[in-house]
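Just so you know, all these numbers are worked out from the coordinates, no wet-lab data involved. Computed from a prediction, not measured in an experiment: that's the story for all the values here. Heads up, the Cβs are rebuilt from the backbone with ideal geometry, glycines too, and the neighbour counts pull from every protein chain shown.
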Amino acid sequence: MSVCRYVTAGRRKNLEVLGKYAENSPHLLQVGFTIGGSLLDMKSPALLLALCVGSVLAQQLPPPPKAHLVDITPKPGFFNEPTIAVNAKDALQLAVAWQVNASVAYSSDGGQSWTIAAGTAPKDYRISGDVSIAFDAAGHAILCYIAFDKLGTTNYWAQGATRNGIFIRRSLDGGPTWEANAVPVIAHDSTPGIPFEDKPWLVADTSTGATSGNLYIGWTQFTLSASDLLFSRSTDDGKTWSAPIKLNTMSGLPRDDNGALEGFHGVVAPGGTLYTIWDDRDGIMMAVSHDGGRTFSKDQRIIAAGPAYFGITGVFRSNGFPQIGIDPRGNSRGGRLYVAWSDYNNGDVDVFVASSSDHGHTWSAPVRVNNDPLHNGKDQFFQWMAVDPVSGAVNLVFYDRRTDNKQATVTLARSTDDGKSFANYTFDPQSFEADGDFLGDYLAITAYGNKVYAAWAHQVSDESKGERTRKTRTILRVGSADFNP
């Protein structure tokens, strides 16, 4: 091993690099990353520094093809919990959203460049976040978020809750401009005993069935005594929303912790069947609608998973909320369903995927997505999954601490064999060590036509001259990769 020394901002850092490995791996010297629009090859000091910091070379994870990284937020701040979507009507058009407050950037060139949109955060609430974004059947971008003035008691959000609600805002041109008036899905005034609406997720029905154009939102409602999974739908492009219905038959505990019902996610089959999932205290639940969200099957546990929340050193809070995806190829019912989550059934936190070939009636044994050694004590967390509607490939993104369980990089995992095995790629080689900041509850990924787009919070540190205090903040980073030949 050789030692590379890099001087930055007046500080000298000693960084270990496997020099011989690089010399004997010419493919690494031929592949380039682009960060902020500038191409960096493996011979450049900047990328060499990034690789040194995380000891990525030691893991021998290749970069994904044609990797391109862009920092969206010009300055560090409290930016996390992103969501990203691609417009099936124009695959060069993308939108990414994040908090705090609810913000959106759009791209018209397939993620090569991004522009931050104006007018997305509400002006009549102090805080907005928990965003999700989707392109609907008409190609409109729809942003969903919660808004409130002040949180209640920590984790017990309904205790002392102020006015709050769930809202959507529309962009009829796919992201550049946004309607001035937000539409409430559900909202409460500041009166004693009101519930707190949390973690909504938006699903757009872009199927070929009779329900095409519908919009669906599911979320957790915390009251003083319980948590429930509520659901609302819109049949007029988000202008109005139905009265919420409850998806669960048994309520969860009232705290934002293990035992609550949380992590709603959904997907629509080609013919319009809506599959919804969420976490309860013992695993992953599912309810299915065949009539555009009017009614649902009785919820049932489909996967016995570990606790949704778990402690990870240095991370303020971490969880393994599930996602569901579908390979839409085939008949109107679609092909294989996939569910992704993370837990510590193996001791350290791993990412898993299970699949169903019979429309959710039975599920395969979990497949471990991260390919580092089993039981090595290294954590992978905050996974998100997207199934490519064109190729059927299963794509996941997650934070990866396989080097020393301190430094985190971002890994892209991809399966082209129906979720039986996953190739791992280093999406972002620039590592960071989580230092107490809230990184959010998830990362984001979407895919279309073998092109993959992901977004994540990247932690940076600012140190003032003459001061020993360290202030940690995050920037929003977006990556793209192209697996086409």
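Numbers below:
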| quantity | calculated |
| --- | --- |
| Sorted by Cβ density within 10 Å, fewest first, the residues His265, His188 | His188, His265 |
| Estimated vicinal HN-Hα couplings, Hz - the stretch 203-208 in sequence order (Karplus 6.51, -1.76, 1.60; Gly, Pro = x) | 10, 9, 8, 10, 6, 9 |
| Student exercise, the stretch 210-312 dipole from Lys, Arg, Asp, Glu Cβ charges, in Debye to nearest 20 | 200 |
| Order of Ser318, Ser103 under a 10 Å beta carbon neighbour criterion, fewest first | Ser318, Ser103 |
| Only Lys, Arg (+1) and Asp, Glu (-1) charged, at Cβ; the chain dipole about Cα centre in debye | 780 |
| Sequence-distant residues sharing a close amide H with Trp157 (under 5 Å, placed H) | Asp256 |
| The stretch 412-456 and the stretch 266-295: distance between their alpha carbon centers, rounded to Å | 24 |
| HN-Hα J in Hz across the stretch 381-394 - Karplus 6.51, -1.76, 1.60, θ = phi - 60°, x for Gly and Pro | 8, 6, 5, 9, 10, 9, 9, 5, x, 8, 9, x, 5, 9 |
| Pairs beyond 28 Å (Cα-Cα), from Lys298/Lys451; Lys75/Lys199; Lys123/Lys246; Lys89/Lys239; Lys199/Lys298; Lys406/Lys451 | Lys298/Lys451; Lys123/Lys246; Lys406/Lys451 |
| Rounded to whole Hz, the Karplus (6.51, -1.76, 1.60) HN-Hα couplings of the stretch 473-482, x for glycine and proline | 9, 10, 10, 8, 10, 10, x, 10, 9, 10 |
| Gyration tensor (alpha-carbon) shape descriptor, the stretch 50-205, a/c threshold 1.5 | oblate |
| Per-selection Rg to Rh, the stretch 237-343 - Cα, Kirkwood hydrodynamic radius | 1.01 |
| Neighbour-count order for Trp341, Trp98, Trp363, Trp157, fewest beta carbons within 10 angstrom listed first | Trp363, Trp157, Trp341, Trp98 |
| Cα centroid separation - the stretch 54-114 against the stretch 306-349, whole Å | 21 |
| Loop-located trypsin sites (Lys or Arg not before Pro) in the stretch 253-301, at most 15 other Cβ atoms within 10 Å (DSSP) | Arg281, Arg294, Lys298 |
| Neighbour cut-off at most 10 other Cβ (10 Å), DSSP loop, trypsin sites (Lys or Arg not before Pro), the stretch 121-161 | Lys123 |
| Built amide H within the under 5 Å cut-off of Asp299, gap 5+ | Thr249 |
| Computed over the chain: relative contact order in percent, which uses C-alpha pairs under 8 Å that are six or more apart | 13 |
